[in-house]
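The values are calculated or read from the model by the stated rules, or taken from the named source; none is laboratory data. Keep in mind that this is a model prediction, so the values were computed, not measured. Every residue, glycine among them, receives a Cβ derived from its backbone with ideal geometry; neighbour counts consider all protein chains shown. Areas reflect the complete protein model, heavy atoms only, side chains present, ligands, DNA and RNA absent. Shrake-Rupley method; radii C 1.70, N 1.55, O 1.52, S 1.80 Å.
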Amino acid sequence: MSTEGEVLVDRAAAEDRRGRAFYKRAAALLAIWAAVVLAIALSMAPDAYWYSYYAVDYSLGWIRRGLAGEIHGLFPDEHYFVGLAVLRWVPTLLFTAGLAVTARAILRSGRSERRMLLALLLPVLPFGFTYAVFSARTDLIGDAALAVLAVTLMAVTTARATLAASAAFGVLVAVLALIHEATPLLVGLGVAAALAVLAVPLTARMYRWCLAAALGPGLLVAALASLFGRRDVADVFCERIPHGPVNFPTTVTQLLEGFRHYIDYHDWACVAFLPMMDWDAGQAVREVFGLGIVPLTGSTVYGIAVFVIAMLALTHVTGVPLRRFADALRPHRAAVLLGLAMFVPLFLTGMDWIRWWVTIGFNLGLVFALYALRQPEIDGPVTARTRKVFAIGAILLGVLPVGIIPAFGIPVYEM
């Protein structure tokens, strides 16, 4: 006859087997989901907008985003569209690699179930794999660099090494600012938060040095590109873009016809993208607020909701309260607020208001996920109910990729 102790051991073993089976199924389903998302993107996703990031170079002198076109110029002229097709996937691959580095750090930090849930959650969050695939902007490379920096800050053990890592990140972001001038502004919040809660304890003076090393070079380059870059370039670059078909459905009818609607890339870029290269800051602000109060309000409400969903999912899985994370940031609140303030110019001059909120979620969500690894709750027990809630939430986030909508009301140029 079994003793009470043996019964408890048997129950624990059975629960452990069920837990292992759950995570094996979850990992398999996640891999299948990622493959389906990738297949949809390869066969159906519009291409033209992602190609436009490589439409200008330095042939006319100093200009913002010129380095992107220079990289594309490494491809022969006869392979113009092949080069665009290749470069379109570089930000996605690098951002996905950044997520993978973060997930690996989570799994290597311990063997608790909450750590496994957290690693499985990352790809389906609003700023996860789907966002990387369907929002393939070049600033994703900066987000990938931020992920690597955050993981690195957890690994280094001295203030000097922290400063070195920050400086290396700063040089990289300065280069990335030549590809997209918004990159330093989009990662400043994450840098300030990561240095505050992930790095070894820093004196106030060393914290400022690390922050300046990480953000100063990029902000300087971005300012130079934005203030002194040429503006009278749209017509010249329009003449240089070759004609060629690219997939770009813009109406419901075109989508229902199979997601394949080819337009001439030259004609589209000359109307929908290149004119923005001639705008000054005042013109950009007028264009943004010209969308109207309804789309901007809708984008704000939706963007905040997406941000809240991401943070609530993270705190539920880790068991770590968001208030403790906020308290940990408080000693460096001036720097964190500065990082948040860096988004203000983006909201003023860029129409993608939902995208900015998703990026805020990435900055804080990434740091919170790594911060949670050092909190006691991460090694706490996981109930069957927690697994069910996770499964339902992950499925909903995977099926409804709420982070890929950039904004409401943005003009669509039908061709």
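For Arg20, Arg230, Arg323, what's the largest-to-smallest order of accessible area, 1.4 Å probe?
Working: Arg20 145, Arg230 90, Arg323 185 Å².
My answer, sorted largest first, is Arg323, Arg20, Arg230.
R0 = 51 Å: FRET efficiency of Arg111 with Leu220, Cβ-based, nearest 0.05? Once the sixth-power term is evaluated, E becomes 0.70.
Against the chain, whose longest principal axis comes from its Cα atoms, helix 353-372 is set at around 30 degrees. Model label points for Leu348 and Asp267, set 7 angstrom from Cα along the Cα-to-Cβ axis, are 3.8 nm apart. Starting from a Cα-only point model with no solvent, please compute log10 I(q)/I(0) by Debye for segment 26-165 at q = 0.09, 0.11, 0.19 1/Å. Values returned for q = 0.09, 0.11, 0.19 Å⁻¹ are -0.37, -0.53, -1.12.
Checking every one of the trypsin sites (Lys or Arg not before Pro) in segment 70-130 against DSSP loop status and a limit of 10 other Cβ atoms within 10 Å picks out Arg111. Residues considered: Ile106, Ile263, Ile179. Largest GNM mean-square fluctuation over the chain, using C-alpha springs under 10 Å, is found at Ile263.
Applying a 10 Å radius around every beta-carbon, put 36-45, 219-228, 90-99 in order of their mean neighbour count, most first. Before the final figure, lay out each step's value.
Working: 36-45: 14.4, 219-228: 16.3, 90-99: 20.4.
Final packing ranking: 90-99, 219-228, 36-45.
Accessible area per residue for the chain, computed on protein heavy atoms with a 1.4 Å probe, is 46 Å².
Out of the total accessible area of segment 194-242 (probe 1.4 Å, heavy atoms of protein only), what percent is carbon and sulfur? Could you put the intermediate results ahead of the total?
On the way: 1670 of 2530 Å².
C and S fraction of accessible area: 66 percent.
Dividing the summed helix terms, -39500 (n - 2.57) for each DSSP H run of n ≥ 4, by the number of residues in the chain produces a 222 nm estimate of -22000 deg cm²/dmol to the nearest 500. Entry note, the chain: relative contact order of 22 percent, from Cα contacts under 8 Å with a spacing of 6+ residues.
Computed from the C-beta positions of Ala334 and Glu78 and an R0 of 60 Å, the FRET efficiency is 0.65 to the nearest 0.05. Under the rule a/c < 1.5 gives rounded, and otherwise a/b versus b/c splits prolate from oblate, where does segment 349-390 land using the Cα gyration tensor? It is oblate, given that a/c is not under 1.5 and a/b is not larger than b/c. With pairing defined as another cysteine C-beta under 4.7 Å, the cysteines of the chain that fail it are Cys210.
Sort segment 83-171 into rounded, prolate or oblate with this rule: let a ≥ b ≥ c be the square roots of the eigenvalues of the Cα gyration tensor; rounded if a/c is under 1.5, and if a/c is not under 1.5, prolate when a/b is larger than b/c, oblate otherwise. Oblate, since a/c reaches 1.5 and b/c is not below a/b. Packing here is the average count of other Cβ atoms within 10 Å per residue, and on that basis the peptides 184-197, 234-247, highest first, run 184-197, 234-247. Averaging Cα coordinates gives a centre for segment 180-241 and one for segment 317-380; these two points are 18 Å apart.
Taking the longest Cα principal axis of the chain as reference, the axis of helix 159-177 is set at about 30 degrees.
Work out, step by step, the length gained on full extension between Val294 and Val175: first 0.36 nm times the residue separation, then minus their alpha carbon distance; give nm to one decimal.
Values: separation 119, 0.36 × 119 = 42.84 nm, distance 3.70 nm.
Length difference between fully extended and current span is 39.1 nm.
Highest first, please rank the peptides 76-83, 62-69 by the mean number of other Cβ atoms sitting within 10 Å of their residues.
Numbers: 76-83: 12.4, 62-69: 20.2.
Per-residue Cβ counts within 10 Å, averaged per peptide and sorted highest first, yield 62-69, 76-83.
Shape of segment 112-242 from the C-alpha gyration tensor: oblate (a/c of 1.5 or more and a/b not above b/c, with a ≥ b ≥ c the square roots of its eigenvalues).
Using a Förster distance of 51 Å, how high is the FRET efficiency between Arg374 and Glu239, based on the Cβ-Cβ distance and rounded to 0.05? According to the calculation, E is roughly 0.35.
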